[in-house]
Every structure is written in C-alpha cells, then in structure tokens.
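The values are calculated or read from the model by the stated rules, or taken from the named source; none is laboratory data. What you see is a predicted model, and the numbers here were worked out from it, not measured in a lab. Every residue, glycine among them, receives a Cβ derived from its backbone with ideal geometry; neighbour counts consider all protein chains shown. Heads up: the accessible areas ignore ligands, DNA and RNA and are worked out on the full protein's heavy atoms, side chains in. Shrake-Rupley method; radii C 1.70, N 1.55, O 1.52, S 1.80 Å.
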Amino acid sequence: MKIAVYAGSFDPITNGHLDILKRAASLFDHVIVGVLNNNEKNGLFSPEERVDMINDATHDLENVRVMHFNGLLVDFCDKVGAKAIIRGLRAISDYEYEVRMFAANYHLNSKVETVFLMSQPKYSFLSSSVVKEIAYYGGNINDMVPPNVAEEVKKRVNKR
Ligand code: ADP
C-alpha cells in the first residue's frame, strides 16, 4: 500500500492545493492531507476549521484523508505509514525553500521520499496569502478556492 502525505498550512486550501492533491491521489493508494498545527503562524482559520473545510472540498476523493499534526513531518509520516511527502512547486522562488526542506527531511529519515509536482500554470500565482489579501480588499476569490472555502473566507474577513 503506497501512502503519501501532502503537508502544509492550508490556511485556507486553494484550487492550486486541490489540483496537486487530486494528481497525488491518482498516483498513490492513499493520500493523507497533513494540516500543520503551527503556533508561530497566526492563521485566519484554526487547524480544526482548516481540516473541516478540506474535508468538505474533498468528499469526492475516496482515497484522501485529512488530519492535523504537530511536530516533525517525518515523524507524522512514520505514524501514518507514509513513504512519500508530496510538495507542490509553483516557481523558482519555491525551489530554494523546498530544497532545504527536502534536505532536512531526508537527513532525518531517508526512507521517506519527497515527490514534487509542478503547479499547473493557471494556478502558479495562487497562494493562501494571495487569496486572503484579495478577499480582505473585497476582490473576487470565487475561482481561486472551492465554493465552501470562498464562503468561509468572506465571512471571516468581514468579521475582522
Ligand atoms: P507551507 O506553509 O508548508 O508552504 P502551504 O499550505 O502554503 O504550506 O502549501 C503546501 C504545499 O502546497 C507546498 O508544497 C506549496 O508549495 C504547495 N502549493 C501552494 N500553493 C500551490 C499552488 N498554487 N500550486 C501548486 N502547489 C501549491
């Protein structure tokens, strides 16, 4: 059974994340979305809210499961029996950071491989921060995130 973990902050999940996730789900038997419970980053959504939104957006993907985790990604992979970490690459600017993350994870546990999937060009500008910024200024985010996420983001930024 080939299990992969797609890890990130997903604050919130975007159509770019979803595209990588769907493509990973077609390559592996199971993909676990690992939502990083990162206290340093002050998120728009709590890890529980992010998990709920991803669950809503992925209910048609039968081999995808969503969990949140703390601590080292390689330890989380061990816990869930994953031999691969999925990361998405948008542009050269992602590359340097991703190479460092790969090197650190490989040093910690060389049995877990990192698999990089390239973003489709139409999603290469998309990030959670871009979505939040556009929503904050009243811009249209409907084609950037799944419908349930667009609704939650609009509600949240209007409250602030
Ligand atoms: P992190 O805080 O770990 O960077 P993110 O939630 O921002 O987490 O992203 C998780 C993963 O998804 C990373 O590998 C990131 O490069 C990738 N990713 C983010 N946005 C896109 C996109 N638009 N297209 C493809 N991959 C993306």
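On the stretch given as segment 48-59, residues that are assigned to a helix (DSSP H, G or I), open to solvent by 50 Å² or more (accessible area, probe 1.4 Å) and of a type outside the set (S, T, N, Q) total 4. Set side by side, the residues Val130, Val64 differ, and just one is more than 14 Å from the ligand (Cβ to nearest atom) and either of a type in the set (A, V, I, L, M) or closer than 16 Å to Ser9 by Cα (or both), which is Val64. Checked against (1) modelled with pLDDT under 95; (2) in a loop (DSSP other than H, G, I, E, B), Lys111 passes all but a single condition, namely (1).
The set of residues in segment 88-103 being within 13 Å of the ligand (Cβ to nearest atom) and more than 20 Å from Ile20 (Cα to Cα) consists of Arg100 alone. A count restricted to segment 9-47 and to residues that are near the ligand (Cβ under 10 Å from one of its atoms), open to solvent by less than 20 Å² (accessible area, probe 1.4 Å) and within 21 Å of Ala82 (Cα to Cα) stands at 7.
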